[in-house]
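Report on the structure given below.
Quick note: the coordinates plus some simple rules give every number you see, no bench work behind them. Since this is a predicted model, take the numbers as computed values, not measurements. Cβ sites come from the backbone with ideal geometry, for glycine too, and all protein chains shown count toward neighbours.
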Amino acid sequence: MNTKELVKRWFDKWDEGDFTNLPISDNFKHTSPFGTINGKRAYINLIRENEDKFLGYVFEIHDELYEENRGCVRYTGKQGSDFALDVSEWYYIKDNEIVEIVAYYHIGDIREERKLSGQ
């Protein structure tokens, strides 16, 4: 399975709500603005405990880049009618499994002192 097919499988599993069968390695590592989660078991348990925040998304893919052992996807995840999150994720692949994801997105309001003037 090539990188593009593996990342597509990742999104398909989320579409199906089948998070226990995500194509990730046992030593999977996920880094996001919330921090780093180490291990498949810890990641799956976090999802299980927070299903309302992880499941039920519709994904609109904007850009995709793929190489032999890594890829990057920029997308908008929409959950319900009132929540959307713009995300860019790097996927790192080894032995037909995703071993690491580094996710970039904004998780809160911009502090007053960080806002641009004239906006």
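Just tell me the longest site-free run in the chain, where the sites are chymotrypsin sites (Phe, Trp or Tyr not before Pro) in a DSSP loop having at most 16 other beta-carbon atoms within 10 Å. The partial results should precede the final answer.
Working: sites that count: Phe34, Tyr105.
It works out to 35-104.
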Which listed residue (Cys72, Phe34, Ile98) has the Cα farthest towards the positive end of the charge dipole for the stretch 14-107, taking +1 on Lys and Arg C-beta and -1 on Asp and Glu C-beta about the Cα centre?
Phe34
Just to be sure I follow the definition: excluding the sites themselves, where is the longest run in the chain that has none of the GluC sites (Glu not before Pro) in a DSSP loop with at most 14 other Cβ atoms within 10 Å?
1-66
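Do the sum for the chain: with -39,500 (n - 2.57) for every DSSP H run of n ≥ 4, divided by all residues, what is the mean residue ellipticity at 222 nm, to the nearest 500 deg cm²/dmol?
Details: 3 runs with 28 residues, N = 119.
So the calculated ellipticity at 222 nm is -6500 deg cm²/dmol.
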Spacing of the two label points (7 Å from each Cα toward its C-beta) at Glu16 and Ala42, in nm:
2.7
Can you give me the distance in nm between label points at Lys94 and Asn69, each placed 7 Å from the Cα along the Cα-to-Cβ direction?
0.8
Nearest 5 is fine: what % of DSSP beta bridges in the chain come out antiparallel, could you say?
90
Helix 40-49 sits off the longest principal axis of the Cα atoms of the chain, rounded to the nearest 10 on a 0 to 90 degree scale, by 50
Computed Kirkwood radius, in angstrom, where 1/r is averaged over Cα pairs of the stretch 3-107:
13.9
